[in-house]
1. Hey, GLU93 hits all of (1) of a type in the set (D, E, K, R); (2) surrounded by fewer than 15 Cβ atoms within 10 Å (Cβ to Cβ); (3) out of contact with any helix residue (DSSP H, G or I) (no Cβ under 7 Å at 6 or more places or on another chain) but one; which does it fall short on?
2. Residues to consider are SER35, SER25; find the one that is in contact with a Gly (Cβ under 9 Å, 6 or more places away or on another chain) and surrounded by fewer than 19 Cβ atoms within 10 Å (Cβ to Cβ).
Amino acid sequence: MKSKLIVALDIENHEKATALVRELSEVVEIFKVGSQLFTRVGPKIVEFINEQGKTCFLDLKFHDIPNTVAKAVESAAALKVHMVTVHTCGGAEMLKAAVAVQHRPLLLGVTVLTSVGGNVESEVLRLARLARDCGLNGAIASPREIHPIRKAIGENFLIVTPGIRPAWAEAGDQKRVMTPAEAVAAGASYIVVGRPIIAAKEPAAAALQITTEMGVAAR
């Protein structure tokens, strides 16, 4: 079940990030590199994750004119990342340009950010369908929209889910949240967890507790 857990390296420097990857290596296979860390240290953190035999999810949420996004996806492919995000609100032409890149990573379309509150289900479904229709491999959506997406699109579509907060962690700025067990039971392909692990006194123990919760839910 550990393959369903993605740890977000929302950390400010290379030294802390590499130390955390090493500490979590027995429990975690996939690490997410977002704009905070990538802007500070660049591709070398991706290279380090690959060198450790782990998988990198590059979460830079590309959103630009079609040619620029396609070139960004090409660059991500050259870094040998496994998954990369694009904003679905960039439109069909942009999404199709990204899909057309040869030997590209898995493409995930960002729907509505989990910091947005209120009833956003219809917009999430619209954007998830757009991602599917344009040939993307999956979508990023809050755990509250997992079941509606599964019902509308089916099983052969990845749903990567941030907004995960164990019962013992604070929600922070996330609005539409679930526990790891609830998200897995709802049908998440992967869950993304950051602060509850990286801010824990014992990050490896926190990650192990989450994977255990996920395993129980999947039985």
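The numbers here are math on the coordinates, done by the rules we state, and not lab data. Because the structure is predicted, anything quoted here is derived from the model rather than measured. Positions of Cβ are generated from backbone atoms using ideal geometry, with glycine treated the same way; all protein chains shown enter the neighbour counts.
1. So GLU93 meets the others, but not (3).
2. On the way: SER35 fails: in contact with a Gly (Cβ under 9 Å, 6 or more places away or on another chain).
Of the residues listed, the single one that is in contact with a Gly (Cβ under 9 Å, 6 or more places away or on another chain) and surrounded by fewer than 19 Cβ atoms within 10 Å (Cβ to Cβ) is SER25.
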